[in-house]
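Asker: Here it is, the structure, as structure tokens.
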Amino acid sequence: MQDTKQVVSFKAGDVEHSFPINWIKEVINHIAPTLTPNVSDSVQMLSSLSRKAPALSELRNIFSIGQQEFYDNIEIIADYYNAVSIEISLHNDIKKDLIRALEKEEFFLCYQPIIDSRTKNIVSLEALIRWNHPKKGIISPGEFILIAEKTGLIVPIGEWVLRTSCNQLKKWHDIGYSNYGLSVNISAIQLQQNDFSDGVSRVLSETGLLPRYLELEITESAFLETNSAVAMNLINLSKQGVRISIDDFGTGYNSLKYLQNITVDSLKIDRTFIFNIKAHINKVIIDTIVLLGHKINAEVIAEGVELEEQYEYLKSIGCDKIQGYYFSKPLLPEEVIVFFKNRRCK
């Protein structure tokens, strides 16, 4: 998070002013502590300060538009700045912790089974990252992935997830559970790396996992990126035999045009539609996604399935695969073996 991307807005008179947080920082540090209700004294002080800090000269115009309004807003601006400063501080702390987590191997993976809706047999697993923080305990990805993306740390973290999960699946294959596939979430930031597809190929070669067993889940938002590397990586991955899945399908971004040029092997219905599956509009959306998927020869996966009625409806409309607590929570590697033994291979 860069200070310059944070903006504070307030009104002075009838005019709304917006300023970057680093500019407001100068206001807070140099002006706010000495402002008094005596506006003329404040204006004089500002005039003096503006010669030392050119960025502050804008304040003179604000005072001429609405002097008292600006004075009244100083505390609000200070409170906002303090709140943003705390957010920036937390952001920086998590960034440092993430770097340490990679070095100290604090991350680990769970695997959630994906089930054939017709046979109820396990067909693949999704790798899900967790963070065993030394002070905070287990942290879910929702609490750190966005910061990892903003800082670029998602690239080494994502590579670790890919390599670790591919290596684990190969081990399972080697002891007899050879028909199962693996799904791995990929960030748009990773896809923007020019050598991403080469990196995937290298991981597959080094772990010995065949490409057809790997499916990369990509959110629809990734398709909004204009970076040509995204499309090239997806094309190269498909040529390698790696499966491509569009995650959170139907949640607001238009990726349909990319279906014309890129082979998509599966569409994953977002859990928000599954949660309230009784609602007519959600059923219409789910039915449409299933129909679209089958028309383009793609499998359809429903995630977040927790209830029997959800499963039965999805099965009835031809949804191919089911993922969710109805069948299993995310499992540690040793728990996966037990799950395998309790269900025959596909």
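Every number here is computed from the coordinates shown, using simple stated rules; none is lab data. All values reported here derive from a predicted model rather than from experimental measurement. As a convention, Cβ positions derive from the backbone with ideal geometry for all residues, glycine included, and neighbour counts pool all protein chains shown.
Asker: What fraction of the DSSP beta bridges in segment 85-214 is antiparallel, stated in percent and rounded to the nearest 5?
Answerer: Taking every DSSP beta bridge within segment 85-214, about 70 percent pair in antiparallel fashion.
Asker: Hey, can you rank 272-285, 183-196, 142-155 by average C-beta count inside 10 Å, highest first?
Answerer: Ranked from most to least packed, the peptides come out as 183-196, 142-155, 272-285.
Asker: If I model a spin label as a point 7 Å beyond the Cα along the Cα-Cβ vector, how far apart are those points for residue 312 and residue 119 in nm?
Answerer: Using points 7 Å along Cα→Cβ, the separation is 2.4 nm.
Asker: Say each of residue 150 and residue 259 gets a label point 7 Å from the Cα, pointing the same way as Cα to Cβ; how far apart are those two points in nm?
Answerer: Between residue 150 and residue 259, the simple spin-label model gives 3.4 nm.
Asker: Something else now. May I ask you to compute the full-extension gain from residue 210 to residue 291, defined as 0.36 nm times their residue separation minus their alpha-carbon distance, rounded to one decimal in nm?
Answerer: Taking residue 210 through residue 291 to full extension adds about 26.2 nm, to one decimal.
Asker: For segment 307-314, just list the computed ³J(HN,Hα) in residue order, Karplus coefficients 6.51, -1.76 and 1.60, θ = phi - 60°, integers in Hz, with x standing in for Gly and Pro.
Answerer: These are the phi-based 3J(HN,Hα) values: 10, 4, 5, 5, 4, 5, 5, 4 Hz.
Asker: Taking amide hydrogens as modeled 1.01 Å from N in the peptide plane, which residues meet the under 5 Å criterion relative to residue 114, leaving out close sequence neighbours?
Answerer: 123, 124, 125, 126
Asker: Could I ask something else about it? What FRET efficiency comes out for the pair residue 102/residue 276, r = Cβ-Cβ distance, R0 = 30 Å, nearest 0.05?
Answerer: The pair residue 102/residue 276 has a calculated efficiency of 0.20.
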